[in-house]
Amino acid sequence: MSAKRFDVHQVLRVFAIITQQGTKTGGVYEFDGLTAQSGDDGYTLEITDGFVRMNVFFHNTYNVDFDTEQQLDQFQLKLNAIEAKDKARA
């Protein structure tokens, strides 16, 4: 289920921040409440907070799995916060 549109470019920026600044355990990076990993094919990315799982595929298509709009809103806020924190750091 995916009711909202995400800025895939923002998601890719946040993925890069998580993988550059996060803690890596196995093939999974964790940073500020989000985890990120890439698929074996190198074209699939996943970001999750435990409630919302977003997969970004080739050609910037994506799928978002969530149960409630509130979870989706909180996930978007986490993406925004990580991006803002990185911009403030620069």
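The values are calculated or read from the model by the stated rules, or taken from the named source; none is laboratory data. Not measured: the values here are computed from a predicted model. We place every Cβ from the backbone using ideal geometry, glycine too, and count neighbours over all the protein chains shown.
Quick rundown of the values:
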{"read-out": "The lone exception for Tyr29 - which of (1) touching a strand residue (DSSP E or B) at 6+ places or on another chain (Cβ under 7 Å); (2) of a type outside the set (D, E, K, R); (3) not in a strand (DSSP E or B) it fails", "value": "(3)"}
{"read-out": "Qualifying positions in the stretch 1-43 - surrounded by 14 or more Cβ atoms within 10 Å (Cβ to Cβ) and either aromatic (Phe, Trp, Tyr) or farther than 16 Å from Glu83 by Cα (or both)", "value": "Phe6, Phe15, Val28, Tyr29, Phe31, Gln37, Ser38"}
{"read-out": "Where Asn63 falls short, out of the listed (1) in a loop (DSSP other than H, G, I, E, B); (2) touching a residue at least 60 places away in the same chain (Cβ under 8 Å); (3) farther than 20 Å from Ala81 by Cα", "value": "(1)"}
{"read-out": "Selected residue (criterion: nearest to Val28 (Cα to Cα)) from residues of the stretch 45-69 that are exposed (fewer than 15 other Cβ atoms within 10 Å of the Cβ) and among the β-branched types (Val, Ile, Thr)", "value": "Thr61"}
{"read-out": "Filter pass, Leu72 being touching a Lys or Arg at 6+ places or on another chain (Cβ under 7 Å) and either surrounded by 15 or more Cβ atoms within 10 Å (Cβ to Cβ) or free of Cβ contacts under 8 Å to residues at least 24 places away in the same chain (or both)", "value": "yes"}
{"read-out": "Cβ pairs under 6 Å, 6+ apart, first in the stretch 31-43 and of a type outside the set (A, V, I, L, M, F, W, C), second part of a loop (DSSP other than H, G, I, E, B) and at pLDDT 95 or above", "value": "Gly33/Asp49"}
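Results for (1) modelled with pLDDT of 95 or more; (2) part of a helix (DSSP H, G or I); (3) over 14 Å from the mean Cα position of the chain (by Cα), shown as yes or no for each residue.
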| residue | (1), (2), (3) |
| --- | --- |
| His9 | no, yes, no |
| Val14 | yes, yes, no |
| Ala36 | yes, no, no |
| Ile47 | yes, no, no |
| Asn55 | yes, no, no |
| Asp67 | yes, no, yes |
| Phe75 | yes, yes, no |
| Glu83 | yes, yes, no |
